[in-house]
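In what follows, a single structure is set out as structure tokens and then discussed.
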Amino acid sequence: MAGESIPAGDRPDAPAHGSPAPPAHGQPAPAASEYDRPSIAERAARRDELYAGGRDRYSALLRSLQAGQELQLKGGRGRVSIDWHPILWILVRVAIVAALVYMAFRFGTQLWRENHVDTWAGPTATVQSGVRLADCPIVDAIRVDDFPSWVRYDGLIYRYTGWKRPFTGEDAPGYAMTPYTNGAMRLVLLDAPVGGSADDLVLVWLKGALAGVEYAKTPECSPG
């Protein structure tokens, strides 16, 4: 009917009941309310889309960031992926090569020592030493890294005992330094041993050390 006013709720352009009214012209839009948030179903759909690539997508990203190489190990139920960084693989190979070279060097050095006899420097070439001694099991079983297993002096064989005596050099009382040397090793005699004869023991002394190593006379291995 003309001239009659229409209630605001019955107008065609009126907002639905319970919905916020649109902003007036020139006024800022109100802040987003809880009605503008995505629903649970929408959030689940977005999450499924994000993870649609699965593990392959994640692994490809990791390999790209690490600049690594992927090794496939076939197992009983599937494959196991191992990412090797190039620098790590180089270090592993260098360590393996170094270990092999060290073991080969040690083996070669020990083999050379066991088959080598040293002649000590001195007035005569009668003082010798070595690791292995044929037909003498008591000496042949001794293995020492820094000292010989046996020393031949004055026609007698002296074997390594492992015992040490304090000795600091030529001025030590009760000892006599011989002129025989083998590198840093010096041959020392006992002037006044406690019990036994003077030739029962000799000392092999490393120059600068505080003690000498005892070598005991071994008649069963001495010639004659």
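What is the diffusion coefficient of segment 130-224 in µm²/s, taking the Kirkwood radius over Cα pairs and the Stokes-Einstein relation at 20 °C with a viscosity of 1.002 mPa s?
Working: Rh = 13.6 Å.
My calculation gives 158 µm²/s for D.
Taking H as built 1.01 Å from N, whose amide H comes closer than 5 Å to the amide H of VAL131, not counting residues under 5 places away?
Close amide H contacts, sequence-distant or interchain: HIS116, SER149.
Coordinate-derived values only; no laboratory data. Since the structure is predicted, the reported quantities are computational estimates derived from the model, not experimental observations.
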